[in-house]
1. Return one number: the angle in degrees, 0 to 90 and rounded to the nearest 10, between the long axis of the Cα atoms of helix 103-123 and the longest principal axis of the Cα atoms of the chain.
2. Measure nothing fancy, just the Cα-based angle from helix 31-52's long axis to the longest principal axis of the chain, in degrees from 0 to 90, nearest 10.
3. Which entry is the computed mean projected area of the Cα convex hull in nm² for this structure: (1) 11.3; (2) 8.2; (3) 7.5?
4. Let me spell out the model: positive unit charges on the Cβ of Lys and Arg, negative unit charges on the Cβ of Asp and Glu, origin at the Cα centre of the stretch 3-123. What dipole size does that give, in debye rounded to 20?
5. Once phi is turned into ³J(HN,Hα) by the Karplus curve 6.51 cos²θ - 1.76 cosθ + 1.60 with θ = phi - 60°, what whole-Hz value does each residue of the stretch 23-29 show in order, with x for glycine and proline?
6. Using a Gaussian network model of the chain whose springs link C-alpha atoms within less than 10 Å, name the residue from Leu73, Leu87, Leu46 with the highest mean-square fluctuation.
7. Run down the lysines and flag those whose C-alpha is under 18 Å from the C-alpha of Lys11, throwing out any fewer than 8 positions away in its chain.
Amino acid sequence: MRRIAAEWASKAEGDFAIVERKRRARRKPNYDGACFHAQQCAEKYLKARLCEDDVPFPKTHDLMALLDLVCPLEPSWGTYRDDLALLSGFSVDYRYPGESADRETAMDARRRCRVFRRAARGALGLGTR
């Protein structure tokens, strides 16, 4: 794996670890944070895949724009379009006043992130743990 792709994947794993910690929090759970980090994990895996094939991408948090660039390389990732569309909104929506995630939303974001993460890790040769 290219060094830059491995760095993106490592950063994605850091975000996923935060999602998992937030899920287990009993005191003062931060559902907004869990949703944000689920989006970040998916974004970084998309960027890792693009880097693996040296495909340039814009500075964006838009998972749909990144997915459109990845699909020629990984056509099966199109099946995650709905999951990634939902996660894409978490890059901004819950980071500012006016919107807040609840436990159900955070658990759904986690589930969608886990499903996509498994596919991304498999495609990058990282295993599906």
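Coordinate-derived values only; no laboratory data. On a predicted model such as this, the values are computed, not experimentally measured, just so you know. Counting neighbours? That spans all protein chains shown, and the Cβs are built from the backbone with ideal geometry, glycine included.
1. Once rounded, one gets 20 degrees.
2. That works out to roughly 0 degrees.
3. Read-out taken from this structure: (3).
4. Values: 23 positive and 19 negative charges, 164 e Å.
That gives the stretch 3-123 a dipole magnitude of about 780 debye.
5. Result, rounded to whole Hz: 5, 8, 5, 9, 9, 6, x.
6. Leu73
7. Qualifying lysines at Cα under 18 Å: Lys22, Lys44, Lys47, Lys59.
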